[in-house]
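Enquirer: Mind looking over this structure? Questions follow.
Every number in this text was worked out from the coordinates using simple rules, so none of it is lab data. None of the values given here were measured: they were computed from a predicted structure. Here the Cβ is made from the backbone with ideal geometry for all residues, glycine too, and neighbour counts use every protein chain on show.
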Amino acid sequence: MSKARNINSKNNGKNNSKTVIKTSTIPDFKDLEFTEVDAYLFGNGTHYEIYNKMGAHLCTKDGKEGVYFVVWAPRAREVYVVGDFNNWDAYGYDMKKISDGGVYDLFIEGAKENQLYKFLIITQEGKALYKADPYANAAELRPATASKITNLNNFTWKDSKWIEEKKKEDHLKVPMSIYECHIGSWKKKVEDSDDGFFNYREIAPELAEYVSSMGYTHIELMGIAEYPFDGSWGYQVTGYYAPTARYGDPEDFMYFVDYMHKKKIGVILDWVPAHFPKDAHGLAKFDGSCVYEYADPRKGEHPDWGTLVFDYEKNEVSNFLIANGLYWVDKFHVDGLRVDAVASMLYLDYGRTDGNWIPNKYGDNGNLEAMSFLKHFNSMLRKRFPQAISIAEESTAWPMVSGDPDNGECLGFTFKWNMGWMHDFTEYMKLDPYFRKFNHGRITFSLMYAYSENFILVLSHDEVVHLKCSMLGKMPGDREDKFANLKLAYAYMAGHPGKKLLFMGQEFGQWNEWSEKKSLDWYLLDDESHKDMQEFTAKCMNLYKKYPALYETDYDDKGFRWINANDKDNSVLSFIRVSPNKKKNLLFVLNFTPIERPSFRVGTPIAGKYKLVLGNDEENMKKTISSVEGNCDGYDNSLLVDLDKYGINVYEFDGDVSRCLPTKIK
């Protein structure tokens with residue numbers, strides 16, 4: 001057997017100053033050995049901890065330390081392990097086939113932590129393939145591609161209280177405001193560098209402090225599972241079980257999550273079980289055949305993305321993915337997974353022209369295996385890790401995406417991104433205010449379906465790239481008007497039913513579109529307008545966290561009531577978010593034009609005092625007004641509100657709103 005090409009390691013910029021106490025936790029070989037039971041469960045797609053068996057695991061065998069390697073290569077002719085421990089020479093390191101399903105194993109005495117390795121696979125045709133380990137827990141920093149032996153059992157976690165509390169909470173009734181973040185470009189240690197990244201440990205304190213000060217409850221991380229190309233942002237994964245080496249090693253990432261939990265911040269990861277790239281060292285044609293992907297390119301390739309589609313019909317592939325999702329919660333204590341590109345999984349004709357896709361057995365365009373996979377995953381996640389949530393990025397009107405996974409018709413996600421709201425909302429906000437009255441339905445239509453799913457309102461990274469402009473750049477008018485419109489947009493988002501997500505940089509009004517190559521434009525905060533924008537966004541997020549009316553009844557239509565949804569001529573919206581305990585209801589009055597409206601009359605369901613809690617300027621923040629008699633919007637009482645141009649008036653008031661219906665309803 002010829003010697004394998006030497007693959008050089010590259011410094012990943014890891015910060016070596018660690019304070020975590022480590023204890024040796026190397027298991028015995030007998031606890032890791034792949035058995036007939038493991039083969040049976042894996043073959044049936046129900047081995048939910050397969051990551052404890054597959055891959056490379058430090059252990060002792062007959063008193064000798066080494067590493068136990070296991071890989072699935074069902075159509076391989078021969079499989080070898082090559083790495084630092086044998087000078088990348090395959091001779092004498094052939095793996096033994098231990099199951100009819102094509103699982104191979106080998107214990108290598110003397111192999112050590114942090115050494116590099118690959119599987120050398122000889123195909124049926126005699127071709128030699130050097131493949132990274134699909135189950136590797138660590139990898140080299142790109143452009144190098146080898147897997148790295150590591151031990152995930154050394155870190156001392158300190159977040160048990162956090163996890164126990166999360167297990168007990170009703171995820172639908174707690175505040176969830178998400179800061180979507182790309183670690184590599186939030187801040188860079190060295191600008192104008194392909195690397196220059198902060199380590200997970202280094203960035204955790206500053207990022208946690210910022211997220212907390214802004215009023216967010218969660219952070220959602222892009223691009224954590226290992227990927228080769230920076231420009232894919234982490235959505236073309238080659239190392240599904242390995243935190244990217246760009247920011248450190250697996251223990252560094254554990255530290256990051258543990259630190260966030262210490263600061264009461266949940267961590268959500270973007271997860272990509274929809275497709276994977278064709279890189280030679282990855283999953284594509286893993287043993288020379290279509291192992292992980294559908295064999296027929298009409299199902300197995302995404303023509304728009306140049307990637308391959310997982311074959312969900314194979315139990316072992318489904319098991320690989322389901323266990324992977326569970327793995328991030330189990331080993332890294334993440335609080336949830338946002339599943340990318342769900343629509344591409346569900347529709348067989350997604351991105352494909354007529355004649356270039358295969359209908360299912362009923363002649364329809366739904367991918368039955370993908371549906372089954374998603375239901376299976378969501379069911380297992382909820383059963384095994386009730387503290388965790390799943391979120392679907394699903395861009396169509398596919399029914400019952402979120403809900404009970406044990407309901408046969410439901411995909412079972414905890415939440416779904418509200419892409420319809422995002423599209424209508426941004427298109428409305430981009431309009432010259434004069435034309436908004438002719439497009440009034442765009443800002444109100446989302447309430448027609450707001451309770452059909454457990455929605456999250458999203459203004460994500462996808463909305464501020466590829467010439468779509470930043471959020472501030474989308475706004476109409478001159479510089480002053482743009483800031484005023486963006487504040488108005490975020491105030492409406494805070495009041496609209498649904499959890500919240502905002503992409504980094506948009507909270508302070510970045511002008512430039514986002515780029516993964518450089519830090520956010522933090523220098524803008526030296527400008528008063530951007531600093532004011534940042535502070536207003538924090539007010540919106542803290543208002544949302546403070547008032548149960550804004551989150552406890554997000555998915556109950558009793559929690560929202562229009563006062564006037566039809567005032568298109570004035571482009572003014574007024575509505576109530578109803579508190580479940582009859583205290584601290586909120587009345588929103590929002591003016592989507594640059595016209596001041598003094599003494600604007602708004603109907604009120606409760607007679608009494610109304611305290612301004614969010615407005616256009618600080619001087620009005622202590623202002624309390626009282627209702628007056630006089631029918632308006634169907635109510636017997638009303639308020640006279642001074643609306644500024646692009647006016648934001650949010651009032652707190654007490655009372656049982658359910659007993660006070662408009663005259664036309666009475």
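Enquirer: From Cα coordinates alone, what are the radius of gyration and Dmax values for the range 496-556 in angstrom?
Expert: 14.3, 42
Enquirer: Hey, another quick one. Kirkwood hydrodynamic radius (Cα pairs, Å) of the range 466-582?
Expert: On the way: mean 1/r = 0.0631 Å⁻¹.
About 15.8 Å, per the Kirkwood formula over Cα pairs.
Enquirer: Moving on. Based only on the alpha carbon positions, what is the Kirkwood hydrodynamic radius of the range 295-445, in angstrom? Before the final figure, lay out each step's value.
Expert: Details: mean 1/r = 0.0580 Å⁻¹.
Evaluated on the range 295-445, it is 17.3 Å.
Enquirer: Quick check for me: using +1 on Lys/Arg Cβ and -1 on Asp/Glu Cβ, what's the dipole size of the chain about its Cα centre, in debye to the nearest 20?
Expert: Once rounded to the nearest 20, the dipole reads 1040 debye.
Enquirer: Rounded to the nearest angstrom and ordered from largest down, what semi-axes does the equivalent ellipsoid of the range 557-659 get from its C-alpha gyration tensor (root of 5λ)? Write out the running numbers ahead of the final one.
Expert: Values: eigenvalues 79, 48, 34 Å².
Each semi-axis is √(5λ); the values are 20, 15, 13 Å.
Enquirer: Please pull out the direction-averaged projected area of the range 29-148, using the convex hull of its alpha-carbon atoms, in nm² to one decimal place.
Expert: Projected area, direction-averaged: 7.6 nm².
Enquirer: Provide the gained length on full extension for the span Ala397 to Ala607, in nm with one decimal, where the gain is 0.36 nm per separating residue minus the Cα-Cα distance.
Expert: Roughly 71.5 nm would be gained on extension.
Enquirer: So which GluC sites (Glu not before Pro) in the range 36-115 are both in a DSSP loop and have at most 16 other Cβ atoms within 10 Å of their Cβ? Intermediate results must be reported in sequence, preceding the final value.
Expert: On the way: sites: Glu36, Glu49, Glu65, Glu78, Glu109, Glu113; in loops: Glu49, Glu113.
Counting only loop positions with at most 16 other Cβ atoms within 10 Å, the GluC sites (Glu not before Pro) in the range 36-115 are Glu49, Glu113.
Enquirer: Above 21 Å lies some portion of the pair distances; for the range 185-272, what is it as a whole percent of all C-alpha pairs?
Expert: Looking at the range 185-272, the distances longer than 21 Å represent 29 percent of pairs.
Enquirer: Please report Rg over Rh for the chain, where both radii come from the alpha carbon positions and Rh follows the Kirkwood definition.
Expert: Working: Rg = 27.2 Å, Rh = 26.8 Å.
For the chain, the value is 1.02.
Enquirer: Rank the residues Ser390, Ser599 as a footprinting-exposure proxy: fewest other Cβ atoms within 10 Å of their Cβ go first. Before the final figure, lay out each step's value.
Expert: Values: Ser390 24, Ser599 9.
Lowest count first: Ser599, Ser390.
Enquirer: Using a 7 Å offset from Cα along Cα-Cβ at Asp192, what residues in the range 484-522 end up with backbone N under 19 Å from the label point?
Expert: 515-522
Enquirer: Let me ask you something else. How many nm is it between the label spots at Thr60 and Phe229, if each spot is 7 Å from the Cα in line with the beta carbon?
Expert: My value for the distance between the label points is 4.7 nm.
Enquirer: Now, a different point. Counting other Cβ atoms within 10 Å, keep those with at most 14, restrict to DSSP loop, and tell me which GluC sites (Glu not before Pro) in the range 381-428 are left. Show your work: numbers first, answer last.
Expert: On the way: sites: Glu393, Glu394, Glu409, Glu427; in loops: Glu393, Glu394, Glu409.
When the GluC sites (Glu not before Pro) of the range 381-428 are filtered for loop state and at most 14 Cβ neighbours within 10 Å, Glu409 remain.
Enquirer: How big is Rg to Rh over the range 233-314, alpha-carbon atoms, Rh as the Kirkwood inverse-mean-distance radius?
Expert: Taking Rg over the Kirkwood Rh, I get 1.09.
Enquirer: Another question, then. Order of His466, His496, His461 from fewest to most other C-beta atoms within 10 Å?
Expert: His466, His461, His496
Enquirer: A further question follows. Across all directions of projection, what mean area in square nanometres is found for the Cα convex hull of the range 588-631?
Expert: For the range 588-631, the mean projected area of the Cα convex hull comes to 3.7 nm².
Enquirer: Debye calculation, C-alpha points only, no solvent: report log10 I(q)/I(0) for the range 72-111 at q = 0.14, 0.15 Å⁻¹, in the same order as the q values.
Expert: -0.31, -0.36
Enquirer: On a C-alpha basis, how far is the centre of the range 536-607 from the centre of the range 92-164 in Å? Whole number, if you could?
Expert: 54 Å
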